[in-house]
Amino acid sequence: MGTGNTENNEEKRSMAARKKMICDLVEDALYVPMKEKELAVLLQVAREEREALREVLGQLLAEGKLEQTPRGKYVKASGRMLTGIFLGNAKGFGFVEVEGREEDLYIPEGKTKGAFHRDTVEVALLPGKAGRRQEAEVVRVLEHANETLVGYFQKNKSFGF
């Protein structure tokens, strides 16, 4: 009966080893940012093992050890990622309150990634402009503040509003 627990511990050790290997690779000075498929080829991951690689990469992203560029390439986390509460404005822009920061971050319209008011979000800082509030963009919504939305759905022939 104890074999299930042993297998679970073995799986955790294996996952930790895989994470360490990828972190070591990405932190190497010779590393060039790569997409998932390129990493799989470099690491000689068989096709049937690609899902396991995807899972490891996903966990490293969630832990903030890796970041993904807009083109889908994996890079070492820059430390520019912050987590906070999104405060939306009806005009489409918003602000993110980050614990420990005196001033909130401005999120321009089009950079909110569909976040709603009071959602917990992860943001990436954008290059600043002197004399202006620090701008950022929402990278992903970590937790929705509201699980229920109330609205009116209007169905047309092949689409809806």
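For the chain, which span is the longest to avoid every loop-located (per DSSP) member of GluC sites (Glu not before Pro) having at most 15 other Cβ atoms inside 10 Å? Within the chain, the longest run free of exposed GluC sites (Glu not before Pro) spans 1-62. Taken along its three principal axes, the alpha carbon spread of the range 51-126 comes to 41, 25, 20 Å, from the longest extent down to the shortest.
GNM on the chain, C-alpha springs below 10 Å: top fluctuator among Lys37, Lys12, Lys73? Looking only at Lys37, Lys12, Lys73, the largest GNM fluctuation is found for Lys12. Residue pairs exceeding 27 angstrom between C-alpha atoms, taken from Lys20/Lys129; Lys73/Lys113; Lys111/Lys157: Lys20/Lys129; Lys111/Lys157. Solvent-accessible area assigned to carbon and sulfur over the range 38-161 amounts to 49 percent, based on a 1.4 Å probe. For the chain, the solvent-accessible area with a 1.4 angstrom probe is 73 square angstrom per residue. Among Gly110, Gly64, Gly94, the largest mean-square fluctuation in a Gaussian network model of the chain, built with springs joining Cα atoms closer than 10 Å, belongs to Gly110. By the equivalent-ellipsoid construction on the alpha carbon gyration tensor, the chain comes out with semi-axes of 35, 23, 17 Å, ordered largest to smallest.
For the range 88-118, trypsin sites (Lys or Arg not before Pro) meeting the loop criterion (DSSP other than H, G, I, E, B) and having at most 11 other Cβ atoms within 10 Å: Lys91. Rounded to 0.05, the FRET efficiency of the Lys91 and Phe161 pair, given R0 = 25 Å and the Cβ-Cβ distance, is 0.80.
Highest GNM mean-square fluctuation among Leu60, Leu126, Leu42, for the chain modelled with Cα contacts below 10 Å: Leu42.
The values are calculated or read from the model by the stated rules, or taken from the named source; none is laboratory data. Fair warning: this is a prediction, and the values are worked out from it, not measured in the lab. A quick note on method: Cβ atoms are made from the backbone with ideal geometry, for glycine too, and the neighbour counts reach across all protein chains shown. For accessibility, only protein heavy atoms count, side chains too; no ligands or nucleic acids. Shrake-Rupley method; radii C 1.70, N 1.55, O 1.52, S 1.80 Å.
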